[in-house]
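Notes to accompany the following structure.
The values are calculated or read from the model by the stated rules, or taken from the named source; none is laboratory data. Please read all numbers here as calculations on a predicted model, not as lab measurements. In this analysis, Cβ positions are derived from the backbone assuming ideal geometry, glycine residues included, and neighbour counts consider all displayed protein chains. These accessible areas exclude ligands, DNA and RNA; they are computed on the full protein's heavy atoms, side chains included. Shrake-Rupley method; radii C 1.70, N 1.55, O 1.52, S 1.80 Å.
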Amino acid sequence: MKPLVKLHSRTVVLPFENIDTDRIVPARFLTTTERSGLGRALFHDWRYREDGSENPDFALNRPEAKGAGILVAGRNFGCGSSREHAPWALADYGIRAVLSSEIADIFRSNALKNGVLAVVVSEAEHRWLLDHPGIELAVDVAAGTIELPDGGHIRFELDAFARQCLLDGVDQLGFLLRHAEAIAAFEQAREAA
Amino acid sequence: MTTPRTLFEKIWDSHLVAPESASAPAILYIDLQLLHEVTSPQAFDELRARGLTVRRPDRVVATLDHSTPTLPPDADGRRPYASVEAEQQVATLERNAREFGLELHGWGSAHRGIVHVIGPELGVTQPGMTIVCGDSHTSTHGAFGALAFGIGTTEVGHVLATQCLLQRKPRTLAIHVEGELRPGVGAKDLILHVIGRIGVNGGTGHVVEYRGSTIEALSMEERMTVCNMSIEAGARAGLIAPDETTFAWLKGRERAPQGADWDRAVERWRTLRSDDGARYDAEVRIDAAAIEPSITYGTHPGMVAPLAAKVPAAANAQEQRALDYMQLEAGRPLAGTPVDIVFVGSCTNSRLPDLREAASLLRGRRIADGLRMLVVPGSEQVKLDAEREGLHDVFRAAGAEWREPGCSMCLGMNGDIGKPGQLIVSTSNRNFEGRQGPGVRTVLASPLVAAATALAGRIADPRDFAAQEAA
């Protein structure tokens, strides 16, 4: 996974609450056996009209949103299924951070394992970010801060372990594999009981 | 004296390889991983890329359910897959299971079916276990007093390689339901009511334990329906303490402990109850008598109302957007809304008692002209059992389609979808925009409401049909 240390980018705003994983990647795109290439499926049924052309009214399709790497989404983003295709699609499209006032558990866990920072900000900060689409933010993963255009800061909480994985660009499997002895001991103790 | 612990804490504590600390999450041992074709291919690729093997093939059970066609093979034995990719995805799991030596209930297995139907059916789902699957409805297995939750594909790889997961300890939420359910009100109505009450994010960060006399009186299939939809309230897991109902249901299942092992297991399982005085992080109390047959009217499962109610007014712009999508007008009755398709199936409601319930209303009647009804049993075993009772004949005689087992129209990955604008009354778990096909509108309901609706061609109350029968 790509390390995420600092991110300077504009925001794109999807103010809707409860944006579910079927919205993020519709199920018909889940037949892939790859991790890559899902960017085209991201928000597919919002992004494209029935004839396959881009829907110019959708936030991500507006000229000013091109290249935006931070998604500010309405409350309870990523609810629904456990499909990791959701963060794969976001990362493939170029979104490296999702900010909301509440983020669904499985989505958040999946995002952080794929170099996509998914963090919760306060209601007031969320409201302000929703009301100011397209602003430039500077995210500092190590410091746990988001710098606003006026120099002000938003702080965010991030599990220490997940933070280190993001900074180092490593996934958690190496850590688990290093505990093989403890796992074997656990299995033996249980089977003896 | 030891501190009283909840059921969740007992299971959590007994699976800790290493406790959590400020710098690292807990290492949690996983007793059973269930696999299906959609969320596993990339995990196996990761194992190959790192030169790893599956640590405990004996703790993995795989099946085919999401991308599989529900129509039988043609005369040449070709299955009508929705796409080449779908067929390849199934072939990929078949190949991976062979390469890594895993138990796969694929085509031809008498136990192929929806992963959350076959786990319990085989008896591999057992009280006190930790169970994971790359599928959010893994919460279903919590009905047996197992800590069961959905994970992403990266984590599927972690469990394949190490039989463990890194997890922060979730909080606990007790949902107490007391009293008797009214006639015509079932487990689906109960869980829809709960979600309506606590909201689609009411369980976020929590493991739910369903408790109380109403829950204790539920059958195992009903408990599975309840735990299945825990994720629709944002909770990763739902739990019900195992009891005599659980033990009776599991006894004699192919993979359940046998003989003296069974007696020892039951003795252990009896300790899997929250201690008196155990503390939960949050509690909710629900009066069973207040629950009515319920359906959804919006685009998430929290937008739910009694079937007999009028479409509630939108509380905000988001809800108005949902009503517009659903083409429903606030203040108009929900019952009577014209319906195009009725779907009975999914990991929520595709077990034998669900099919019996739907068949009980359809027996000797015909579904409405122009309406399409799909009945999709949850597994090969459910299909066989239903056919032994003649339920397939009841459905077919009524004009419904009797299909092969699978997830089918719940998420429409296999091509079982509606057309834009169509309204589907579905016994599944998600009414998200476009879930059952682009532009398709979904109303979630119980098998009884689904059957009544199929007969009427409009959203209908099963109690009206029951009354008609009695008259």
From the options B:18, B:97, B:43, residue that is more than 11 Å from chain A (Cβ to nearest Cβ), hydrophobic (A, V, I, L, M, F, W, C), open to solvent by less than 50 Å² (accessible area, probe 1.4 Å) and within 20 Å of residue B:151 (Cβ to Cβ): B:97
Do the conditions hold for residue B:5, that is, is it part of a helix (DSSP H, G or I), basic (Lys, Arg) and either open to solvent by less than 50 Å² (accessible area, probe 1.4 Å) or within 25 Å of residue B:163 (Cβ to Cβ) (or both)? no
Quick one: what pairs do we get from region B:307-328, first residue within 14 Å of another protein chain (Cβ to nearest Cβ), second assigned to a helix (DSSP H, G or I) and surrounded by fewer than 17 Cβ atoms within 10 Å (Cβ to Cβ), C-beta under 7 Å, 6+ apart or different chains? B:314/B:320
(1) assigned to a strand (DSSP E or B); (2) more than 14 Å from chain A (Cβ to nearest Cβ) all hold for residue B:254 apart from (1)
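Which of the helices (runs of 4 or more DSSP H) found entirely inside region A:137-193 contain at least 1 residues meeting this: touching a His at 6+ places or on another chain (Cβ under 9 Å), away from chain B (no Cβ under 13 Å) and acidic (Asp, Glu)?
none
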Listed by first then second residue, the pairs whose first member lies in region A:102-128 and is closer than 14 Å to residue A:90 by Cβ, whose partner is assigned to a helix (DSSP H, G or I) and open to solvent by 30 Å² or more (accessible area, probe 1.4 Å), with beta carbons under 7 Å and at least 6 positions apart or on separate chains, are A:114/A:91; A:115/A:91; A:116/A:91; A:118/A:108
Suppose we filter region B:80-101 for residues that are over 24 Å from the mean Cα position of the chain (by Cα) and part of a loop (DSSP other than H, G, I, E, B); how many remain? 3
Among the residues of region B:61-88, what is the count of those that are out of contact with any strand residue (DSSP E or B) (no Cβ under 9 Å at 6 or more places or on another chain) and buried (at least 22 other Cβ atoms within 10 Å of the Cβ)? 4
Hey, any hits in region B:112-125 for a residue that's away from every other protein chain (no Cβ under 12 Å) and open to solvent by 10 Å² or more (accessible area, probe 1.4 Å)? yes
When the residues of region A:17-48 are filtered to those that are part of a loop (DSSP other than H, G, I, E, B) and surrounded by fewer than 18 Cβ atoms within 10 Å (Cβ to Cβ), which remaining residue is nearest to the other protein chains (Cβ to nearest Cβ)? A:34
Given the condition surrounded by fewer than 18 Cβ atoms within 10 Å (Cβ to Cβ) and in contact with a Pro (Cβ under 6 Å, 6 or more places away or on another chain), answer yes or no: does some residue in region B:277-291 qualify? yes
Residues (under 18 Å from the mean Cα position of the chain (by Cα) and open to solvent by 10 Å² or more (accessible area, probe 1.4 Å)) located in region B:188-198: B:193, B:196
Expected single match for farther than 30 Å from residue B:168 by Cβ, in contact with a helix residue (DSSP H, G or I) (Cβ under 8 Å, 6 or more places away or on another chain) and in contact (Cβ under 8 Å) with a residue 40 or more places away in the chain among B:152, B:123 is B:123
Only one of (1) exposed (fewer than 13 other Cβ atoms within 10 Å of the Cβ); (2) part of a loop (DSSP other than H, G, I, E, B) fails for residue A:133. Which number is that? (1)
Pick out, from region B:135-223, the strands (runs of 3 or more DSSP E) lying fully within it that include 3 or more residues that are within 10 Å of chain A (Cβ to nearest Cβ) and at pLDDT 95 or above. B:164-167
Which condition does residue B:55 not pass, out of (1) open to solvent by 50 Å² or more (accessible area, probe 1.4 Å); (2) out of contact with any Ser or Thr (no Cβ under 7 Å at 6 or more places or on another chain); (3) modelled with pLDDT of 95 or more, if it passes all the others? (2)
Which members of region B:422-439 meet the condition of being within 13 Å of chain A (Cβ to nearest Cβ) and in contact (Cβ under 8 Å) with a residue 24 or more places away in the chain? B:428, B:429, B:430, B:431, B:432, B:433, B:435, B:436, B:437
For the subset of region A:55-103 comprising residues that are in contact with a Phe, Trp or Tyr (Cβ under 9 Å, 6 or more places away or on another chain) and in a strand (DSSP E or B), which member is nearest to residue B:153 (Cα to Cα)? A:79
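Would you kindly identify the helices (runs of 4 or more DSSP H) lying entirely within region B:377-471 that contain at least 2 residues that are open to solvent by less than 20 Å² (accessible area, probe 1.4 Å) and over 27 Å from residue B:84 (Cβ atoms)?
Helices (runs of 4 or more DSSP H) meeting the threshold: B:380-388, B:391-398, B:447-456.
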Would you check which residues across region B:350-364 are touching a residue at least 40 places away in the same chain (Cβ under 8 Å) and of a type in the set (Lys, Arg) and list them? B:351
